[in-house]
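To start, the structure under review is shown below, and the notes come after it.
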Number of protein chains: 2
Amino acid sequence: MQSPGSLQIGLIGLGTVGSQVADRLLNHRDSLRRRSGMDLQLARVLVRSRYTSRAFAVPPDLMTTDPEAILGDPSIQVVVELAGGEEPARSYLEKALRAHKHVVTANKLVMAKHGPALLELAGEMNVDLYFEAAVGGGIPLISTFKVDLLANEIERIAAVINGTTNFVLGRMAAEGLDLAAAVAEAQALGYAEADPSDDIGGFDAAYKLAIMASIGFGARVHPDSVYTEGIGGVEAVDFRYARELGYEIKLLAYAARAGSRIEARVHPVLVPHGHPLAAVEGNHNAVYIEGDLVGQVLLQGQGAGGRPTASSVVGDLLDLASSIRRQVQTRVAFTFDPDIEVVPMSEVIARAYFRSTVADRPGVLAAIFQVFGEEGVSISSAIQKEAFDADGSAEFVVTTHPAPDAALQKTRERIAGLDSVRRVSAFLRVL
Amino acid sequence: MQSPGSLQIGLIGLGTVGSQVADRLLNHRDSLRRRSGMDLQLARVLVRSRYTSRAFAVPPDLMTTDPEAILGDPSIQVVVELAGGEEPARSYLEKALRAHKHVVTANKLVMAKHGPALLELAGEMNVDLYFEAAVGGGIPLISTFKVDLLANEIERIAAVINGTTNFVLGRMAAEGLDLAAAVAEAQALGYAEADPSDDIGGFDAAYKLAIMASIGFGARVHPDSVYTEGIGGVEAVDFRYARELGYEIKLLAYAARAGSRIEARVHPVLVPHGHPLAAVEGNHNAVYIEGDLVGQVLLQGQGAGGRPTASSVVGDLLDLASSIRRQVQTRVAFTFDPDIEVVPMSEVIARAYFRSTVADRPGVLAAIFQVFGEEGVSISSAIQKEAFDADGSAEFVVTTHPAPDAALQKTRERIAGLDSVRRVSAFLRVL
């Protein structure tokens, strides 16, 4: 039975987040009604199997294994998609929008790859598409861009937006663990998946950055155009050198206005002590935004996990319910300028940190400095420690002033090729 | 001339914030139209005198000194009030709402004292009342409560929300300045008013807390019911002891759910190192929120100044314009439960920091400890430094475990009355 003051909800997916959303909808119904002026009714839940044991017991008559029981039912007004993955989730969302259903999703993969197209489709169909939970549960980000910062030209977004890598880097920094040991610890605590490659490789952060940059700069930023480098190249010793130089190492998602183009990249960065992002610890997330009027804003939260993500999903549902109750006649249509290009990484101006293992003999440093000079890369600081290996090799660390990334890469290659250089053991950027 | 796609704006006040708002409206018209779908037209500006010299030149034909030219003009759809002060601002807002005009205001005094009544009036008149800029320009706070955190039961709000006192405390901590010298420095830099008593006395923070607590807890929290204590009782030496114990000293605006009542208080607090609010520096503002689903969220920004505040005002205007363009038929009606009481300070359970100047002779500490014991206040840590005065007095610092504030106050009085105690030089709470 659909009463005029009710919102009929079809939920896709009943995992960690889905269970929390279902729990809130079924067990906090009165307080949700008070806040939105509407009755949020969980009408149907699509699951893969009815017989999986779950943390939260949904009444069996609400469950279905047939997508059509949600997508093809005209009484369902909003589809909440928490299944994740690209397909069939994307097709479900498109089908829901075309059937004039509103959509709330936490799917970063789909929103990163297909967000602009789906948002434009929602505009055509005059329905709402909400996706606060896709970027970082618990951080009020999309609504901040949509409302609070709308008077601004956004200049820069820098974010610690992947809790797994931030936890892993933190353990490497604090305990000197190697990457594998830190990842194993994260897995044991439930902070990393069995296959952590999406997090460790930077892809999760790149999806979230593509969404943030698209909204923040009104551009179509596909994750394929985000330069993405994971934390595989960071070693425990790099945290020691970084601290000596006044930095922490973070996996940063970074986007900035660069003339008529934008930069969008994900890679490990040496962040100076005193910068608010240097202090983001454990599996927390933080997004730092610079706007021309507002100056600097920092938004920080837990970023992941069932409850913070459910908070964003149910927040979106309440906003949708309130907008339906207010009889909104036409919907926000997002626009994305297809002509805004992403600067290729080779053209980005960046600072770099090199750690090389060199033969401990005269003339080595002169040869290295000559390469920097010839590539037009000037040096900001250098550390050479005493020889520490039986084979007489030593570590030599350099940070540079800003230079085109292509020149930094060329320098790296040429130094690695020098006779007296055993290897370039680390190559990271510096904020 | 009013075209269907335009929003006619009457601006009251052309000071620091008003000039920035007028500048943005007049000089960024195209980008604002692109973002809201409407033409934001600055139709009239109420000033006290046409002949004041101003940072930003508004066309003279837009200026008026007659409030009726805005409030009595049916073509004006929205009144932006940036005059400040309680009256006539409150009357202007009431009159505007009764004339079915939307309102955007940055007036914390009026919103703190009359916010619930004005918001309910706006609901009756079916117009919008926006006040993001009243709490802390640049921090996306009201919309965070209205949308992003709406699925949560808010448990706690703790905020460094007055830039002047945070700057002053920071200078006292870093340089050992006394309060007067630090205030003079803040005045010289434009961070404090000629009469800084609203900031130093904690009243500005109490207004902002009253607004935040009203929205966050759905209660009618009048600033008179917020226990308010300024930073006058903090001395430079307290920062040294606090750091030794692992704390910074901040003026905190604090509200929390306490059973069916709420706590709402403003006073200096020892905040432990590692808490995100301990690291808020200079004239920055930060608001820390705990919700039952989302966990912990931190929002940080510049908090004051013409540009960040204008960012919030114009953000509100864009949201209003977009809502008009979307033909919203009925408006959000805020509700405030008049039955939610504020816990009297005497009943609040708090921890305290005492610094006493005591005679350096046997039996003094025993007498002090006896008082603590008799009042049921247990001690968490104690520091006694060697005698440092010619008169043989010494400083004795104690922090306590949680106890009712009445017991802490009683303890303070009794200790101050002991023969061997010269004075209780500082009495602060501990987070």
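Derivation of every value follows stated rules applied to the coordinates shown; laboratory data play no part. This structure is a prediction, so every number in the text was calculated from the model and none was measured. Cβ placement follows ideal geometry from the backbone for every residue including glycine, while neighbour counts extend to all protein chains displayed.
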Unit charges on C-beta of K, R, D, E only; dipole of chain B, Debye
1020 debye
Relative contact order for the stretch A:1-78: what percent, with Cα pairs under 8 Å and sequence separation of 6 or more?
39 percent
Set the bar at 23 Å for Cα to Cα. Now go through B:Lys113/B:Lys250; A:Lys95/A:Lys146; A:Lys113/A:Lys146; A:Lys113/A:Lys410; B:Lys108/B:Lys250; A:Lys113/B:Lys146 and name every pair that lies beyond it.
B:Lys113/B:Lys250; A:Lys95/A:Lys146; A:Lys113/A:Lys410; A:Lys113/B:Lys146
Using Cα springs under 10 Å in a Gaussian network model of chain B, which residue among B:Gln77, B:Gln384, B:Gln329 shows the largest mean-square fluctuation?
B:Gln329
Mean-position separation - Cα centroids, the stretch A:4-53 and the stretch A:220-253, in angstrom
39 Å
Between B:Asp292 and the same site in the other copies, what are the distances in nm, shortest first, taking label points 7 Å from Cα along the C-beta direction?
4.5
Longest principal axis of chain B (C-alpha) makes with the long axis of helix B:306-325 (C-alpha) an angle, in degrees to the nearest 10, of 50 degrees
To the nearest Å, what is the center-to-center distance of the stretch A:176-212 and the stretch A:113-151, using C-alpha atoms only?
25 Å
Tally Lys and Arg at +1 and Asp and Glu at -1 over the other residues with C-beta under 9 Å from the C-beta of B:Asp128: what net charge comes out?
-1
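How large is the Rg to Rh ratio of the stretch B:345-430 when both quantities use alpha carbon positions and Rh follows Kirkwood?
Numbers: Rg = 12.3 Å, Rh = 12.8 Å.
Rg divided by Rh gives 0.96.
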Can you give the mean number of other chain Cβ atoms that lie within 10 Å of the Cβ atoms in peptide B:30-40?
2
Output wanted: per-residue J couplings in Hz (rounded whole) for the stretch B:424-429, from phi through Karplus 6.51 cos²θ - 1.76 cosθ + 1.60, θ = phi - 60°, x for Gly and Pro.
8, 7, 8, 9, 10, 8
Helix A:163-175 axis, angle to chain A major axis (alpha carbon atoms, nearest 10°)
40 degrees
Taking H placed 1.01 Å from N in the peptide plane, check which residues at least 5 places from B:Phe131 or on another chain put their amide H under 5 Å from its amide H.
B:Thr105
Average beta carbon contacts from partner chains per residue of A:326-333, 10 Å cutoff:
5
Residue-by-residue Karplus 3J(HN,Hα) for the stretch A:132-148, coefficients 6.51, -1.76, 1.60, Hz, glycine and proline x:
3, 6, 6, 9, x, x, x, 9, x, 9, 5, 5, 5, 5, 5, 10, 5
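What's the local net charge at A:Gly85, with K and R +1, D and E -1, over the other residues with C-beta under 15 Å away? Walk me through the intermediate numbers first.
Values: positive: A:Arg48, A:Arg90, A:Lys108, A:Lys113; negative: A:Glu81, A:Glu86, A:Glu87, A:Glu94, A:Glu193, A:Asp195, A:Asp198, A:Asp204.
Neighbourhood net charge equals -4.
Quick check on the protein assembly as shown: helices-only [θ] at 222 nm, where DSSP H runs of length 4 and up contribute -39,500 (n - 2.57) each and the sum goes over total residues. Nearest 500, please.
Values: 26 runs with 294 residues, N = 862.
Rounded to the nearest 500, it is -10500 deg cm²/dmol.
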Near the amide H of A:Ala192, under 5 Å away, which other amide H atoms are found, from residues 5 or more places off or on another chain, if H is placed in the peptide plane?
A:Gln187
Phi-based couplings in Hz for the stretch A:57-62 (Karplus 6.51, -1.76, 1.60; Gly and Pro marked x):
8, 8, x, x, 6, 7
Farthest positive-ward along the stretch B:239-284 dipole, Cα basis, beta-carbon charges - from B:Pro268, B:Ile249, B:Asn283
B:Pro268
Taking every residue of B:131-140, the Cβ atoms of other protein chains inside 10 Å of its Cβ average out to 3
If the only charges are +1 at each Lys and Arg Cβ and -1 at each Asp and Glu Cβ, what is the size of the charge dipole of the protein assembly as shown around the Cα centre, to the nearest 20 debye?
1320 debye
Compute the projected area of the convex hull of the Cα atoms of the protein assembly as shown, averaged over all viewing directions, and report it in nm² to one decimal place.
41.6 nm²
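Give me the net charge for the shell around A:Arg240: Cβ to Cβ below 14 angstrom, other residues only, Lys and Arg +1, Asp and Glu -1.
On the way: positive: A:Arg243, A:Arg355, A:Lys385; negative: A:Glu175, A:Asp178, A:Glu235, A:Asp238, A:Glu244, A:Glu248, A:Glu395.
Charge balance in the 14 Å sphere: -4.
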Roughly how many Å is it from the Cα centre of the stretch B:355-372 to that of the stretch B:399-423, as a whole number?
11 Å
Working only with C-alpha atoms, what are the Rg and Dmax values of the stretch A:142-301, expressed in angstrom?
15.7, 46
Using a 7 Å offset from Cα along the direction of the beta-carbon, what are the separations from A:Ala390 to the same position in each other copy, nm, ascending?
7.0
Expressed as a fraction of 2.2 N^0.38 Å, the rule-of-thumb size for a compact globular protein of N residues, what is the C-alpha radius of gyration of chain A?
1.10
Using only the alpha-carbon atoms, how far is helix B:108-125 inclined from the longest principal axis of chain B? Give it as 0 to 90 degrees, nearest 10.
40 degrees
Provide an ascending nm list, one decimal, of label-point separations from B:Glu235 to the equivalent residue in each further copy; define each label point as 7 Å from Cα along Cα→Cβ.
5.5
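Highest first, please rank the peptides A:45-53, B:143-151 by the mean number of other Cβ atoms sitting within 10 Å of their residues.
Values: A:45-53: 13.0, B:143-151: 24.3.
In descending order of packing, they fall as B:143-151, A:45-53.
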Residues with amide H under 5 Å of B:Ala350's amide H, sequence separation 5 or more or different chain, H placed in the peptide plane at 1.01 Å from N; which?
B:Ala403, B:Asp405
